[in-house]
Amino acid sequence: MNRLITAALLCGLGATGIMASESVGAVFAATNDPNQNEIVMYSRSDTGALKYIGSFATGGRGEGGINDPLQAESSLLLSPDHKYLLAVNAGSSTISLFQVYSYGLQLLDKKPTQGGNPVSIAMHGDLVYVANVGGTYHTAGFWLKPWGELEFIPNSKQPLSGLDTEPGAIAFSPDGTKVIVTERQTSNIDVFSVAADGSLSGAKVTSAQGVEPFGAQFAASGALLVSEAGSGAVSSYEVNADNTLSVITSKSPSSGVATCWVISGGGYAYATSAITSSVSAYQLSATGALTPLGVTLKEPGNAKAIFPPVGVTAFPLDLELTPDNKFLYVVYSALGKVIGYSVGPNGTLTKVASVNAYTAQTGVEGLAVY
């Protein structure tokens, strides 16, 4: 608790001019440090500006490396009520649970993930699932108990379509009845049914529309959005009752190469392309259909240029929208920054915040926002 108290005393007027009383949310980023993984926390004002709160150890080790060491989406995850924060510790094969306060984080629990190299987390209600790269079984489930403890579900371990699948993301359907996992190595998408006891069954494997399905997120409509690193595109699917997938939009092109992370909200979807340092925008229909809006990095004055260029080596990774869809935040691994943008008409982005969250190119990965 001393660390929390110290952090609380530091929440006065900071360099960005945010008073603690003006904070409407927070931004969290994981260092993924191989010696001691930590969560860096910032308060967020109603203008999108950020102020440093503190760094909080997960009790585990990260993967380390240079850029995109986890090669996965959702390695850091907030509960919908913003009460809890979950983080993978890929280097020590554990998952950490924090209580979230306006002035800092309190570590509540840390558990083994029942497999090696956990990379992605999903949550629905009090049910938590993690995807592991290593081991015979690639999923593991936990009940989040009311007193802040993770309880492993013994029959939650499930294999994917093979041993060397390299999962990129795990996600719950909006109603919590399905869990999906993307397989980067095999270009497959697995869909499982979720039973009342938290176990998974009825796995169906569908070939993705594009090459190397990476990030995944369910839109409010229930449509599954999947970014495709090898195709530089985003596809959308309907998840059927029998765990098969029906295509809504196939390989909607992005503005760059290695399109790995995807997020949606407010009628738009955004995807980052790491190698070309671009963020692409899409119109997202009520049925989950994707229409690219166009991003022109070479002509930032163009009406369709929704993303001001940061630099060809910036290496954007994770991205998250605030719950009201007014702000988008992006991790830039090669810059060591988290940059925030306000979302304007037609999905346009205007830079409103930039913080040096890490040392550049230290293997950072993970972002959560409210």
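All of the numbers you see were taken from the coordinates with simple rules; none came from a lab. The structure presented is a predicted model; accordingly, all values stated were derived computationally and were not measured. Neighbour counts run over all protein chains shown; Cβ positions are idealised from the backbone, glycine included.
Cα extents for the chain along the principal axes, largest to smallest and rounded to whole angstrom: 54, 50, 34. For the chain, the relative contact order is 13 percent, taking Cα pairs closer than 8 Å that sit 6 or more residues apart in sequence and dividing their mean separation by the residue count.
Taking other C-beta atoms within 10 angstrom as a stand-in for reagent exposure, I95, I66 fall in the order I66, I95, fewest first. Normalised by 2.2 N^0.38 Å, where N is the number of residues, the C-alpha radius of gyration of the stretch 318-370 stands at 1.14.
Gyration tensor over the Cα atoms of the stretch 119-209: the corresponding equivalent ellipsoid has semi-axes (square roots of 5 times the eigenvalues, largest first) of 22, 13, 11 Å. Basic side chains Lys and Arg get +1 at the Cβ, acidic Asp and Glu get -1 at the Cβ, and with that the dipole of the stretch 2-369 about its Cα centre reaches some 580 debye. Pairs exceeding 28 Å between alpha-carbon atoms, taken from K178/K251; K178/K337; K157/K337; K83/K178; K145/K178: K178/K337; K157/K337. Counting neighbouring Cβ atoms within 10 Å and putting the fewest first, the residues W147, W261 line up as W147, W261.
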